[in-house]
Each structure stands twice: as C-alpha cells, then as structure tokens.
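Reviewing the structure listed below.
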Amino acid sequence: MAKCRILLADADFQMRELMRAVFSAQGYEVLEAGAGDEVLQKLSSHSCDCVLLDHNIPGLDGIAACRAIRAIADVPIIVVSSRSSEPDKVSALDAGADDYVVKPFGVEELSARVHAAMRRAPKSHSTPQVLILDGVSINFITHRVSAPDRDEHLTPKEFDLLQFMVSHPGQVLPHRRMLQAVWGPDYGDEVEYLRVFVNQLRNKIERDAHSPKYLLTEPWIGYRFAPPPSFDGFSI
C-alpha cells in the first residue's frame, strides 16, 4: 500500500524538521515547502493527501495560498498559525482551509487533526446520487453543482458536510453532532467552522443564499436540511 503523503509548508526550518520527524515516524511520506509559491510547485508535480500550511508563509501568504491550492486541488488543507483570533480562523476557512491549528500545538493534537482531515465521512445509503433543488443539480458522485448560470465544484469538506445533512433530511442536527460526524470525534466547539461551510454551501446550491430554502439554521442549536417534496432519500 502506498504511503500517505503530507506537504509541510512553513518558513521555519526547525518547525518543518519537527513535523517531518513526527509524521515520518507515523509512516507518512513528507514533502516540504518554505514559501507559498513553492507549495504550488510541489502540488503541481506531486499528489498529496494533506497540506499543513503556515498562515505567515512568505511569498503567497497563507490565505492567498489556500485560494490558489483550491483552484488546482481538492487536497485537505490545515492552516497552522500563531494567530488565534476567530476572524483569522474564519478568513482561512473562507479561503478554502478545512481546519485551523494554533501554534504552539501538541504533537498528538496535530496528528489527530491530520487524520481527521484525511478521513472521509461515512457514506450513507440514503444519500442520493443526484439531487435537484430548484433547477440546481448536485451530483454526489462527481461533487459538482450545476445550474443554468454556473457550474461549481464542492471541496472535500463541503461535500462531506452536505452529504451528512442530506442523509438526515428534516432532522435538526446539533452543532456538536455535525462537527464530530464530519471533522472527527475530537471536535465539537468549532461552531465557526459550520457557519463558514454552511454559508459556502448556500452560495453554491441555494437560489438565494441570503434567504435559504434548503440549508436552514436552527438558532443556538444547529442546522437542518429541508428536503423538496420529491426527495425520497434514494438515488434519483
């Protein structure tokens, strides 16, 4: 079986050496990049299973690098940063990151985050292959969203979150349950993750993202997928 490959993108050589030692010991193949432009060069010539990206990396900074990576790859991205404010986290998630780890971090925590980023949400037999919402077609096989005026691609975490919601039609899903189902059992308090990703999904699948019809907020509790009348929970 081929080793999973991680790209460590950090300007701090000692930090890269530490992370290389940790992940190599766990059986990962490790690539390194010291600047944002180098990240894109490595991804253009190597397939990777996860990118650990420093927020303050030179060249293309972490936010710009996130957007650039998302334009060329579906690889999970974990931003690793000394910045701990919610706006910094939200800006990274908005740019395409799947997760955010604050420095200094524990080795076990980072390893768990990497494992969670690379895991796929369990497939549900009640998830359709194709779902039509007001003329917007969502293909759960290709991860594409098609409408008369646009064609978009779901990122891995957008897909996992939407799949989880659609597989529980009409149910009020609490924040903690959603986070643990999609990101992993060590999550539960990162409500801002859900806010960002649900907003991203609304922009892609709702006719009016500001007045959503299908991905509904349950204030202080969580979210709910409101299925159309034709929805039967099986392949269409």
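Computed from the coordinates by the stated procedures, all read-outs in this text should not be read as laboratory data. Please read all numbers here as calculations on a predicted model, not as lab measurements. Positions of Cβ are backbone-derived with ideal geometry, glycine not excepted, and every protein chain shown enters the neighbour counts.
A few points about this structure:
- Volume of the Cα convex hull of the chain, divided per residue and given in Å³: 131
- Using 0.36 nm per residue and subtracting the Cα-Cα separation, the extra length available between Arg150 and Glu29 on full extension is 39.8 nm.
- Only Lys, Arg, Asp and Glu carry charge here, each on its Cβ (+1 for the first two, -1 for the last two); on that basis the chain has a dipole of about 540 debye about its Cα centre.
- Derived scalar couplings ³J(HN,Hα) [the stretch 98-113; Karplus, 6.51 cos²θ - 1.76 cosθ + 1.60; whole Hz; x for Gly, Pro]: 8, 7, 9, 10, 8, 7, x, 10, x, 4, 5, 5, 4, 4, 5, 5
- Seen against the Cα atoms of the chain and their longest principal axis, helix 13-25 is set at about 70 degrees.
- With respect to the chain, whose longest principal axis is taken over its alpha-carbon atoms, helix 36-45 is tilted by about 70°.
- Inter-centroid distance (Cα atoms) of the stretch 214-230 relative to the stretch 32-61, Å: 37
- Backbone HN-Hα couplings from phi across the stretch 68-78 [Karplus 6.51/-1.76/1.60, Hz, Gly and Pro as x]: 5, 4, 4, 6, 10, 8, 9, 4, x, 10, 10
- Restricted to Cα atoms, the stretch 130-225 shows a radius of gyration and a Dmax of 12.8, 40 angstrom.
- Calculated from backbone phi, Karplus (6.51, -1.76, 1.60) coupling profile of the stretch 80-86 in Hz, x at Gly/Pro: 10, 8, 7, 7, 10, 6, 4
- Among Lys89, Lys103, sorting on how many other beta-carbon atoms sit within 10 Å of each Cβ, with the fewest leading, yields Lys103, Lys89.
- Amide H contacts of Glu32 (H built 1.01 Å from N, under 5 Å, at least 5 apart or other chain): Leu8
- For the stretch 9-25 versus the stretch 161-210, the gap between their alpha-carbon centres in whole angstrom: 32
- Since only Val39, Met165, His175 are under comparison, the one whose Cα sits farthest along the positive direction of the charge dipole of the chain, derived from C-beta charges on Lys, Arg, Asp and Glu, is Met165.
- With 25 Å as the limit, the listed pairs Lys3/Lys42; Lys89/Lys157; Lys3/Lys103 have Lys3/Lys103 beyond it between alpha carbons.
- Order of Val198, Val136 - criterion: other Cβ atoms within 10 Å of each residue's Cβ, fewest first: Val136, Val198
- At R0 = 25 Å, FRET efficiency that the Cβ-Cβ distance of Ser137 and Ala226 yields, to 0.05: 0.90
- Rounded FRET efficiency, nearest 0.05, which uses the C-beta distance separating Arg195 from Met15 and R0 of 25 Å: 0.25
- Amide H within-cut-off set for Val80, under 5 Å, with H built and near neighbours excluded: Leu53, Asp54, His55, Val101
- Loop chymotrypsin sites (Phe, Trp or Tyr not before Pro), the stretch 130-236 (other Cβ atoms within 10 Å of the site Cβ: 16 or fewer; DSSP): Trp220, Phe234
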